[in-house]
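This report concerns only the one structure given below.
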Amino acid sequence: MSDTRHPYEVLTPDVVLDALASVGLYGDGRLLGLSSYENRVYQVHLEDPFEGAAIVVAKFYRPNRWSDEQIAEEHAFAAELQQAEVPAVAPLAPQGSTLHHHAGFSFSVSPRRGGRPPELDDGAVLEWIGRYLARLHIVGGKRPFTLRPALDVASFGEEPRDWLLAHDGIPLDVQGEWARHCETALAQIRTAFAAAKDAGVRHLRLHGDVHPGNILWTPDAGPHFVDLDDARTGPAVQDLWMLLSGERVQRQRQLGGLLDGYEQMREFDRNELALIEPLRTQRLIHYSAWLARRWDDPAFPRAFPWFGTSDYWRGQVQMLEEQIEAMEEPPVVA
């Protein structure tokens, strides 16, 4: 009889501890699940510290998302950043490897880093983050990814749109309206990316998901960038725009603070600013498909009970309308 459970339903605390023991790391029984939906992440206290780490973070990758080779590229990038003294958390290498396998799961183990989300209305904090993002991009620009994907309209906009429509992911009473708005938005995104290419905007290796939750801030050490799971190739502004929020004046001030620090270390191409709203829009489309594709994972219906209703999709139509208008406006400047 086949097992119909989702893979993560069998990832019990015993399996987590057994996985660590398989690479010579023995937990003392204290284990805490950390906030993560795409993967499963646990904080584990060790009986004996490994390379100075008494508390580690074990990350169990979502099955069938990345190949081992793609994960290895992520780990290699993290190691490059660490060697360049960019504060990104890289996996440890028990038994000489950063990627391990146990009970059908791929997993890695990293040292725990403490901190809190940064205060993004503080100019000094933004400048500090901007300097380190520039240093991250200096490393990212030295060589390309060969296996990890690009951040482009085909994979982040068109394919998620097509998947949702093909899998009846949208209620019929709103499907046509959403599809029309989506195609209008995608046409604008294509135009923006084509213009950026014509203007010579470079693509490089990125963190890919720099939002406040992926920055651990301490007053003395500043930022630590965590979770390179979405590392991919794209324009540098992808690692800046998710740190901007609020009204246009506030976003402009935040961008100015980031670039004040960034340009101390690396030149920033102002042509990339025209990509902020297109990148935000395609992330909106991608996010809905991400939720729909993960719905068989029991954690998703519990965490996102509002997803999939007609009200949800009407809200998505409204946000697409707002983004279509935003993409027609002049880009935010700094």
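Read the figures in this text as sums done on the coordinates, not as results from a lab. Treat the numbers as computed from the prediction; the structure is a model and nothing was measured. No Cβ is skipped: glycine too gets one built from the backbone with ideal geometry, and neighbour counts run over all protein chains shown.
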- Dipole in debye (nearest 20) - segment 7-111, about Cα centre, beta carbon charges: Lys, Arg +1; Asp, Glu -1: 260
- Under the helix-only model (-39500 (n - 2.57) for each DSSP H run of 4 or more, divided by the residues of the chain), the mean residue ellipticity at 222 nm, to 500 deg cm²/dmol, is -14000 deg cm²/dmol
- Query: In nm, what is the difference between 0.36 nm times the number of residues separating ALA21 and ARG293 and their Cα-Cα distance?
  - Reply: 94.7 nm
- Report the residue, chosen from LEU99, LEU81, LEU34, that carries the largest GNM mean-square fluctuation when the chain is represented by alpha-carbon nodes joined by springs under 10 Å. LEU34
- Mind putting a number on the dipole of the chain about its Cα centre? Charges go on the C-beta only, +1 for Lys and Arg and -1 for Asp and Glu, and I need it in Debye to the nearest 20. 320
- Cα-projected label distance for SER245 with ALA54, points at 7 Å along beta-carbon direction, nm: 3.4
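Can you say what percent of the DSSP beta bridges in segment 70-225, counting only those with both residues inside, are antiparallel? Round to 5.
90
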- Task: Rank these for me by crowding, LYS142, LYS59, going from fewest to most other beta carbons within 10 Å.
- Result: LYS142, LYS59
- In cubic angstrom per residue, the convex hull of segment 7-111 built on its Cα atoms measures 100
- Task: Please build a GNM for the chain, connecting alpha carbons under 10 Å apart, and tell me which residue among PRO212, PRO305, PRO144 fluctuates the most.
- Result: PRO305
- Top positive-direction residue, dipole computed over the chain with Cβ charges, set ALA103, LEU11, GLN316: ALA103
- Towards the positive end of the charge dipole of the chain, with charges on Cβ (+1 Lys, Arg; -1 Asp, Glu), say which of GLY141, LEU34, TRP66 has the farthest Cα. GLY141
- Query: How big is the charge dipole of segment 2-52 about its Cα centre, in debye rounded to the nearest 20, if each Lys and Arg gets +1 on its Cβ and each Asp and Glu gets -1 on its Cβ?
  - Reply: 180
- If a/c stays under 1.5 just call it rounded; otherwise compare a/b with b/c (prolate if a/b is bigger, oblate if not). Do that for segment 52-161, with a ≥ b ≥ c from the square roots of the Cα gyration tensor eigenvalues. oblate
- Query: Okay, which of segment 154-189 sit inside 15 Å, backbone N to the point 7 Å along the Cα-Cβ direction of GLU325?
  - Reply: none
- Using a 10 angstrom cutoff on alpha carbons, build the Gaussian network for the chain and name the most mobile of ASN214, ASN39, ASN64. ASN64
